[in-house]
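The values are calculated or read from the model by the stated rules, or taken from the named source; none is laboratory data. Predicted model, so just to flag it, every value in this text is computed and none were measured. Cβ placement follows ideal geometry from the backbone for every residue including glycine, while neighbour counts extend to all protein chains displayed.
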């Protein structure tokens, strides 16, 4: 096959290779169901809805864009111990590469159960499982090759032959995770978890080769700790490995209460995360009436910063938690 004149075409044609990687978020802490299935239902409320948008490498005209939407909630609250938590959730993810030349779509259903280790429910350990259906599609009509180039632009017809007309790949995937969540006094929370995605390593190839999605193993931890009557420090970190690629991100944000005397105070967030060897990630956020809105912008600091003009990617997140009128159960949970 002749060399494609666009970089994205090259990456798309090899995207079924073993070393393909999952989409990732700088605000990993605001995408609970892509971080760890054990986070399903792990919040102090009735329903949680979340959405994420990421535009990576905007300098190269939307090379990668990713969208997610999820909802999770607790079930059987009257039939399990009051200090335990059982959650179920659903997640949809869409990832586009090269101006929608290559698309990945996923829909997943997850569940988790958290068992209290003390009478107050301040210490819990839980496990979660997730099953997902994935589809990858390559739109060959949007690919350009050198034999299509004429004096008038890409107006010719390629002589390239695709060995298969089935440029759609469908598969079923299995994910799982474990999470410990604790508190010393009910006003703070700290957690540590681990998850594995693509445990069954489903086959993902347009040509029928034995190219499988590599298992992604994630370790993550964090917590929030009040430091004054109006300031709370939120910290989190993550380490991921998939095939030969690794990612380490750590950071923190301070939440300042706008109306600290309210039963559900509004907060503004300022902070930053750092992805080792890659980017500085400033973060701002706003929390009010059950909503939390976050925005980050990756400032590329790697060897690619000249080509990227230091523009690594823009990301937005939105989480809404619906609580009962009488408030939650008062069990400290990871907060994103």
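Restricting attention to the range 94-111, does a residue exist that is surrounded by 22 or more Cβ atoms within 10 Å (Cβ to Cβ), touching a helix residue (DSSP H, G or I) at 6+ places or on another chain (Cβ under 9 Å), under 19 Å from residue 290 (Cα atoms) and at pLDDT below 95?
Checked the range 94-111: no residue is surrounded by 22 or more Cβ atoms within 10 Å (Cβ to Cβ), touching a helix residue (DSSP H, G or I) at 6+ places or on another chain (Cβ under 9 Å), under 19 Å from residue 290 (Cα atoms) and at pLDDT below 95.
Return the residues of the range 259-276 that are in contact with a strand residue (DSSP E or B) (Cβ under 7 Å, 6 or more places away or on another chain), touching a residue at least 24 places away in the same chain (Cβ under 8 Å) and closer than 10 Å to residue 230 by Cβ; say none if nothing qualifies.
Answer for the range 259-276, where residues must be in contact with a strand residue (DSSP E or B) (Cβ under 7 Å, 6 or more places away or on another chain), touching a residue at least 24 places away in the same chain (Cβ under 8 Å) and closer than 10 Å to residue 230 by Cβ: just 267.
Can you find a residue in the range 149-156 that is at pLDDT below 60, more than 30 Å from residue 39 (Cα to Cα), in a loop (DSSP other than H, G, I, E, B) and touching a strand residue (DSSP E or B) at 6+ places or on another chain (Cβ under 6 Å)?
The answer is yes, given that some residue of the range 149-156 is at pLDDT below 60, more than 30 Å from residue 39 (Cα to Cα), in a loop (DSSP other than H, G, I, E, B) and touching a strand residue (DSSP E or B) at 6+ places or on another chain (Cβ under 6 Å).
Any residue at all in the range 30-48 that is farther than 21 Å from residue 218 by Cα, at pLDDT below 90 and in a strand (DSSP E or B)?
The answer is no, given that none of the residues of the range 30-48 is farther than 21 Å from residue 218 by Cα, at pLDDT below 90 and in a strand (DSSP E or B).
List pairs: first residue in the range 310-326 and on the phi > 0 side of the Ramachandran plot and assigned to a strand (DSSP E or B), second residue modelled with pLDDT under 65 and buried (at least 16 other Cβ atoms within 10 Å of the Cβ) anywhere in the structure, Cβ distance under 9 angstrom, at least six positions apart or on different chains.
Taking only residues 6 or more apart or on different chains, the pairs are 313/58.
Among the candidates 231, 250, 213, 284, which residue alone is farther than 22 Å from residue 53 by Cα and at pLDDT 95 or above?
On the way: 250 fails: farther than 22 Å from residue 53 by Cα; 213 fails: at pLDDT 95 or above; 284 fails: farther than 22 Å from residue 53 by Cα.
The match here is 231.
Inspect the range 126-146 for any residue being loosely packed, with under 15 Cβ neighbours inside 10 Å, touching a strand residue (DSSP E or B) at 6+ places or on another chain (Cβ under 6 Å) and free of Cβ contacts under 8 Å to residues at least 40 places away in the same chain and give the result as yes or no.
yes
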